Amino acid sequence: MSLFKRYIEATSTNNLNKEILELPVPKKSQDFWDIESNLHNFLLEELKKYPGQSKETEKRKIEELAEVFFEQEGTRLTFEEKQEALDYVKDELLAYGPITPLLENPLISEVMVNKFDEIYYEKNGKIYRSQVNFTDNQHVMRVIERIVSPIGRRVDESSPMVDARLPDGSRVNAIIPPLALKGPSLTIRKFSETPFTIKDIIHFGTVNEMMAEFLEVCVKSRLNIFISGGTGSGKTSTLNVLSSFIPNHERIVTIEDAAELKLYQEHIVSLESRPPNIEGKGEIKIRDLVRNSLRMRPDRIVVGEVRGAEALDMLQAMNTGHDGSLSTGHANSPRDILSRLETMVLMAGFDLPVRAIREQIASAIDLIVHQSRLKDGTRKITHITEVQGMEGEVIVLQDIFRFKETGFNPEGKIEGDFISTGIRPKFTEQLELNGYKIPASWFIGEW
């Protein structure tokens, strides 16, 4: 069977919610797959004569060489079959092999390769099994290496885990044997080439217009905002949207493990952490970049995700004049993110009193935006919560807006309303001093 044959007969579904991707199963002759394999080998040899070409030039060259090949060996194929064979080979040579159609489908948000013949994808917040397959484990390894090599990352037995990104910013995680028992595993969380805007997330129902206006005013007024949520809840997309509100004249330093943020302001410095080399040296952590950013005269520091000792440096930056900083972190609720920050600060290796850590957190963070992926797969900003300060040993939080579930519609989608709690935040005066009129209607709540 050809290296590029990407479809198999649909596997039977079990009691999980699965569907087969909306792609027809091609019924091709053995001649088709033999010619496709020969085309691939022919192009590989010919392209060695044209090194260093751009991707677009290489694509045109492949099409030219394919015409030459088909004139000699493609007489047994129809025009449509020739085009299909060429598309398969182009996916293999220029893109990511059999999973390319999944990555190009705008409705699919995540692609998960458990092993070479077990591939899943997420669509509209739900996971389905695809009938797309790789040929074998080596086929998966070649695609992983094609992803990580251009950005200077590596994956082998001495370094069997890697985080990387695609050119469009999509996040990639790969883990290979001996850690992955079933074979190389690949997870790609897609990132739109055109980042979501505030209008998009309003349209998706992630937030309503009133809350969106409130968040825009908070960002422009230089409040320190922390976005919390679970895995796959959409934190990074929301961070990208909030970052877009930063005025164009301000100097922004972004710090990430894998560069995903796409901002359109003019004055941006993007920093990316670096893993250790093959000798175990040369690692640059997020914490190192946060500390270095303080010497770069930033107006805003945007950290893609705080997950370790860098929390201490981020809090200190927020407390020493770097107002308007933004970051994200994993947590199940606004209260949980404060507990996680305490733990992460202790990971810095300093034996600080818990009260001192809480005072730093309460002083640094003005607003927590908590986002969740609900049971029906939709993503909602469920809480916008003010950090009001300390009372005794406890950090005081106050919800300003939240999402209240009311039930399910006939299609099984969660219904609910974004509501105001009716409490004006303490920083309202700060917003008004920055020239923003805060309508009383924003804070007319059910209480």
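The values are calculated or read from the model by the stated rules, or taken from the named source; none is laboratory data. Please read all numbers here as calculations on a predicted model, not as lab measurements. Backbone-built Cβ (ideal geometry, glycine too); neighbour counts: all protein chains shown.
On the given criteria, is Val207 in contact (Cβ under 8 Å) with a residue 60 or more places away in the chain, touching a helix residue (DSSP H, G or I) at 6+ places or on another chain (Cβ under 9 Å) and of a type outside the set (Phe, Trp, Tyr)? When the stated conditions are applied, Val207 passes them. Only residues that are within 18 Å of Ala212 (Cβ to Cβ) and more than 31 Å from the chain's Cα centre (by Cα): list them for the range 394-420, please. Within the range 394-420, no residue meets the criteria.
When each of Ile400, Ile444, Ile414, Ile384 is tested for being at pLDDT below 90, within 21 Å of Gly229 (Cα to Cα), among the aliphatic types (A, V, I, L, M) and surrounded by 11 or more Cβ atoms within 10 Å (Cβ to Cβ), the lone residue that passes is Ile414. Once the range 89-99 is narrowed to residues that are of a type outside the set (Asp, Glu) and surrounded by fewer than 20 Cβ atoms within 10 Å (Cβ to Cβ), the residue that is nearest to the chain's Cα centre (by Cα) is Ala95.
Take the residues of the range 272-288 that are surrounded by fewer than 22 Cβ atoms within 10 Å (Cβ to Cβ) and under 20 Å from the mean Cα position of the chain (by Cα): which is farthest from Thr238 (Cα to Cα)? Looking at residues that are surrounded by fewer than 22 Cβ atoms within 10 Å (Cβ to Cβ) and under 20 Å from the mean Cα position of the chain (by Cα), I get Pro275.
The residues on offer are Thr231, Thr236, and the sole one that is over 15 Å from Leu431 (Cα atoms), assigned by TED's automatic domain parsing to the domain that holds Gly329 and assigned to a helix (DSSP H, G or I) is Thr236.
Yes or no, residue by residue, for (1) in contact (Cβ under 8 Å) with a residue 24 or more places away in the chain; (2) under 18 Å from Arg287 (Cα atoms); (3) touching a Lys or Arg at 6+ places or on another chain (Cβ under 8 Å):
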site	(1), (2), (3)
Met344	yes, yes, yes
Gly349	yes, yes, no
Arg358	yes, no, no
Gln371	yes, no, yes
Asp376	yes, no, yes
Ile381	yes, no, no
Ile384	yes, no, yes
Gln388	yes, no, yes
Ile395	yes, no, yes
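So which residues in the range 260-281 are part of a loop (DSSP other than H, G, I, E, B), under 25 Å from Ser158 (Cβ atoms) and of a type outside the set (Asp, Glu)? Once the filter is applied, which keeps residues that are part of a loop (DSSP other than H, G, I, E, B), under 25 Å from Ser158 (Cβ atoms) and of a type outside the set (Asp, Glu), the range 260-281 yields Ser273, Pro275, Pro276, Asn277, Ile278, Gly280, Lys281.
Cβ-Cβ contacts under 6 Å between residues 6 or more apart (or on different chains), taken from a first residue in the range 138-150 that is free of Cβ contacts under 8 Å to residues at least 40 places away in the same chain to a second residue that is in a helix (DSSP H, G or I) and surrounded by fewer than 15 Cβ atoms within 10 Å (Cβ to Cβ), are absent. The residue list Val241, Val217 contains one member that is touching a Pro at 6+ places or on another chain (Cβ under 8 Å) and among the hydrophobic types (A, V, I, L, M, F, W, C), which is Val241. Restricting attention to the range 243-258, the residues that are under 25 Å from Ala364 (Cβ atoms) and surrounded by fewer than 21 Cβ atoms within 10 Å (Cβ to Cβ) total 7. Checking Ile147, Ile127, Ile175 one by one, the residue that is out of contact with any helix residue (DSSP H, G or I) (no Cβ under 6 Å at 6 or more places or on another chain) and crowded, with 20+ Cβ neighbours inside 10 Å is Ile147 and no other. Taking the criterion of being part of a loop (DSSP other than H, G, I, E, B) and either on the phi > 0 side of the Ramachandran plot or free of Cβ contacts under 8 Å to residues at least 60 places away in the same chain (or both), the residues of the range 307-329 that qualify are Arg307, Gly308, Ala309, Thr320, Gly321, His322, Gly324. Note on the range 48-148: enclosed strands (runs of 3 or more DSSP E) holding 2 or more residues that are assigned by TED's automatic domain parsing to the domain that holds Asp163 and aliphatic (A, V, I, L, M) are 108-115.
Every test in (1) without any contact (Cβ under 8 Å) to a residue 24 or more places away in the chain; (2) part of a loop (DSSP other than H, G, I, E, B); (3) under 26 Å from Leu215 (Cα atoms) is passed by Arg297 save one, and that test is (1).
Of the listed requirements (1) at pLDDT below 95; (2) among the hydrophobic types (A, V, I, L, M, F, W, C); (3) in contact with a helix residue (DSSP H, G or I) (Cβ under 9 Å, 6 or more places away or on another chain); (4) buried (at least 19 other Cβ atoms within 10 Å of the Cβ), Leu431 misses just one: (4).
For the range 381-426, a residue qualifies if it is in contact with a His (Cβ under 9 Å, 6 or more places away or on another chain) and either among the acidic types (Asp, Glu) or over 27 Å from Ala364 (Cβ atoms) (or both), and exactly one does: Asp399. Counting only residues that are farther than 16 Å from Glu386 by Cα, surrounded by 18 or more Cβ atoms within 10 Å (Cβ to Cβ) and among the β-branched types (Val, Ile, Thr), which one in the range 306-350 is farthest from the chain's Cα centre (by Cα)? Across the range 306-350, the extreme among qualifying residues is Val345.
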